Amino acid sequence: MPDFPSDLRYALTHEWVRVNGKRATVGISDYAQTQLGDVVYVELPEIGTPVECEGEVAVVESVKAASDIYAPVTGKIVDTNNDLENAPETVNADPYGEGWFFVIDMSDEELPEDLLTAEAYSAHCQDEDDE
């Protein structure tokens, strides 16, 4: 069973969010990287790019498919994980640590209400597997 750290919030589109003040670090969940398979390429946004909650921000490609990465919050991109350009497999090896994608300076200190707890996200993934 994939791992879902309880200190994170999760989007239905399989991104995770770790909030520190007004900064939100974003990556994809263990479940998402497992579904994708071996990640071979990550396209990151430009620093300074404004992003809307649920808007497309980045792209991750694997041996199986390409998937859009969506912003779980509204704000502006203030940092990107450039290490993923040369080592995209880090997303598979450490999705909640070194495999993060980007950091958003949130325009609102409150997280959107539709972001899930680890427990609710785990149930959502189980439902997807059962379909």
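The values are calculated or read from the model by the stated rules, or taken from the named source; none is laboratory data. All figures in this text were calculated on a predicted structure; none of them were measured in a lab. Cβ: placed from backbone, ideal geometry, glycine included. Neighbour counts: every protein chain shown. Protein only, heavy atoms only, side chains kept; ligands, DNA and RNA dropped before computing areas. Shrake-Rupley method; radii C 1.70, N 1.55, O 1.52, S 1.80 Å.
What to note about this one:
- Solvent-accessible area of GLU109, all protein chains in place: 130 Å² (probe radius 1.4 Å, heavy atoms, ligands and nucleic acids excluded).
- Label-point separation, LYS76 to GLU89 (7 Å along Cα→Cβ), nm: 3.8
- Heavy-atom accessible surface of the stretch 1-51: percent carbon and sulfur, 1.4 Å: 48
- Two-site FRET efficiency, LYS22 against ASP68, from Cβ-Cβ distance with R₀ of 35 Å, rounded to 0.05: 0.90
- Neighbour-limited loop hits for GluC sites (Glu not before Pro), the stretch 1-54 (at most 11 other Cβ within 10 Å; DSSP other than H, G, I, E, B): GLU46
- For a modelled paramagnetic label at GLU56, 7 Å from Cα along Cα-to-Cβ, the residues of the stretch 68-84 in reach, with backbone nitrogen under 13 Å, are 68-71.
- Whole-number percent relative contact order across the chain, with pairs defined as alpha carbons under 8 Å at least 6 apart: 31
- From largest to smallest, the equivalent ellipsoid semi-axes obtained for the chain from the alpha-carbon gyration tensor read 20, 19, 12 Å.
- Separation of the stretch 17-44 from the stretch 49-64 is 10 Å, based on Cα centroids.
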